[in-house]
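The values are calculated or read from the model by the stated rules, or taken from the named source; none is laboratory data. It should be emphasised that the depicted structure is a prediction, and the values quoted were computed from it without experimental measurement. With ideal geometry, Cβ positions are generated from the backbone for all residues, glycine too; neighbour counts draw on all protein chains shown.
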Amino acid sequence: MDKTVVLEPEEQVVFNNESGISSFGRFDSLEAVGWKDNIYKFENEPLRKVLPQLERAYGTKLVITDPSVLGQKITTTFRNNSEQTVIGVIKNLTGLEYSVVTGKNNKQEVRFVQRAR
């Protein structure tokens with residue numbers, strides 16, 4: 001039996017093929033499509049999900065040398081911010097230090113490391 005569902009703005013339906021169950025809910029449009037307007041919103045997102053999006057946006061490799069930090073979650077919104085501002089915000093939110101180095105193929109990359117104790 002087919003059912004018609006009418007969604008309001010910022011609502012979504014997710015269908016699970018295996019179980020055949022649909023779920024309805026709200027979503028944040030800035031998180032979903034803000035990138036097209038150079039807006040990147042992260043709400044309690046782990047660095048392992050944040051960094052690839054920022055790498056694509058700024059064309060700079062962002063490397064965390066300690067894999068245990070990749071699970072650290074951050075909440076922030078970047079709106080047309082410079083790459084330097086984004087790097088500074090990540091530094092402040094995570095407590096990591098960073099350096100800019102020349103990586104593979106002579107491309108610049110930003111390496112985040114734990115602060116020396």
Practice task
Go through (1) modelled with pLDDT under 90; (2) touching a strand residue (DSSP E or B) at 6+ places or on another chain (Cβ under 9 Å) one by one and return the number of the condition Leu47 breaks.
Solution key: (1)
Practice task
Kindly indicate whether any position in the stretch 27-42 is modelled with pLDDT of 90 or more and surrounded by 11 or more Cβ atoms within 10 Å (Cβ to Cβ).
Solution key: yes
Problem - Considering residues of the stretch 8-23 that are modelled with pLDDT of 75 or more and hydrophobic (A, V, I, L, M, F, W, C) only, the residue farthest from Leu54 (Cα to Cα) - result: Phe15
Exercise for the section: Could you look through the stretch 91-117, keep only residues that are surrounded by fewer than 15 Cβ atoms within 10 Å (Cβ to Cβ) and closer than 17 Å to Leu70 by Cα, and pick out the one that is farthest from the chain's Cα centre (by Cα)? Expected result: Arg115
Problem - Residue in the stretch 91-117 that is farthest from Leu47 (Cα to Cα), counting only those that are in a helix (DSSP H, G or I) and of a type in the set (D, E, K, R) - result: Lys104
Practice task
Sort out which residues of the stretch 44-58 are more than 20 Å from Gly103 (Cα to Cα) and either touching a Lys or Arg at 6+ places or on another chain (Cβ under 6 Å) or of a type in the set (D, E, K, R) (or both), and write them in order of number.
Solution key: Asn44, Glu45, Pro46, Lys49
Completion exercise
Log entry, pairs with first residue in the stretch 59-71 being more than 22 Å from Thr102 (Cβ to Cβ), second being at pLDDT below 90 and not aliphatic (A, V, I, L, M), beta carbons closer than 9 Å, six or more apart or on different chains, reads Val69/Gln114
Handout entry: Conditions (1) surrounded by 14 or more Cβ atoms within 10 Å (Cβ to Cβ); (2) free of Cβ contacts under 8 Å to residues at least 24 places away in the same chain; number of the one not met by Gly88
Key = (1)
